[in-house]
């Protein structure tokens, strides 16, 4: 199995369709998904700060609708999965499955009852917040910053965790600050994930996980997704023998993978690459410069990453779990059965 547990696909499709593009996924992403035999993509629903609070709900609903509409013409190749059976059918039929996840509960405002509406639209996971404060929790700082931000889960945030577990939605701790992480550990009863976070020990960044947090995710049966953002991977080590700048960055990402496996165990590490260049290019802006911190140019380059892991001595079984088997197992186990 090949899985990317965090990709801003719905947000990009929404922006491009607003600009008049159609068949966005078919033209821009399906060839790369096929190149790496991607079985599952988790598409985040991400609302930028400029849309909050007034337009947050509308933007989130718009992204959900835009992605589903964009996939209608290629349902035989890629489809939204909202149940265990749908995920298994897609894998058996050679389709790429897409799971929907809220990157922060900001679209809900302070109305937790709206969570059920998103569940009925097929959303099966959520982080409590992005890197900001909302009615549920406080986020950590952004990837390009370095500062501790105080503030844990609110009472409404604790209610949200309980409601998500009741519905059968998984909780994602990436972007949650340290106090919020501790509060979640105290109230969560089911496994949770960190969909796109690296190891603090390899590169100190408040978006990355400390050793105790790594062990907490793994100890509860969750999975940690490697983030392919260069800001979170950090600079390569001086003794690198890489032949190119990209190889240096891939080596650094491999160091995070190896460290996470050593602390969490081989069954609890996966990929959540958070490739952002496409969304950055699609987002209207005043400045012409766009961000490009992606270590991988596209999903087809997951093959390069796997090859480097093996060349560095990782066992094939461990690499197979990391490149997708572990996340596929987690999502299969947490998704509801369609007959329920």
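A short reminder: the numbers here are calculations on the coordinates, not readings from a lab. All values derive from a computational prediction rather than experimental measurement. All Cβ positions, even for glycine, are placed from backbone atoms using ideal geometry, and neighbour counts span all protein chains on display.
Size descriptors for the chain (Cα atoms only): Rg and Dmax, in that order, 18.5, 55 Å.
Taking the inverse of the mean 1/r over every pair of distinct Cα atoms in region 296-340 gives a Kirkwood hydrodynamic radius of 12.2 Å. For region 62-183, the percent of C-alpha pairs falling in each 5 Å distance bin, counted from 0 to the bin holding the largest distance, reads 2, 11, 19, 19, 16, 13, 11, 7, 2, 0.
With the biggest extent put first, the Cα atoms of region 58-128 measure 40, 23, 16 Å across the principal axes. The convex hull defined by the C-alpha atoms of region 172-289 has an orientation-averaged projected area of 9.0 nm².
Report the normalised scattering of region 234-340 as log10 I(q)/I(0) at q = 0.10, 0.12, 0.16 Å⁻¹, calculated by the Debye formula with identical scatterers on the alpha carbons. The computed values of log10 I(q)/I(0) come out as -0.38, -0.53, -0.83.
What the Cα atoms of region 115-223 give is an Rg and a Dmax of 13.2, 40 Å. Pull up the DSSP beta bridges for the chain and report the antiparallel fraction as a percent, rounded to 5. Counting DSSP beta bridges with both partners in the chain, the antiparallel share is about 15 percent. Note on 244, 338: ascending count of other Cβ atoms within 10 Å places them as 244, 338, the fewest first.
Counting every alpha-carbon pair across region 177-230, the share separated by more than 18 Å comes to 25%.
Computed over region 154-193, the convex hull of the alpha-carbon atoms projects to a mean area of 2.6 nm². Region 1-35 and region 49-128 have Cα centres spaced 14 Å apart.
Relative contact order for the chain: 19 percent, from Cα pairs under 8 Å spaced at least 6 residues apart, divided by residue count.
So, how do all the Cα-to-Cα distances of region 1-88 break down into 10 Å bins, in percent, from 0 on up? For region 1-88, the pair-distance distribution reads 16, 49, 28, 7, 0.
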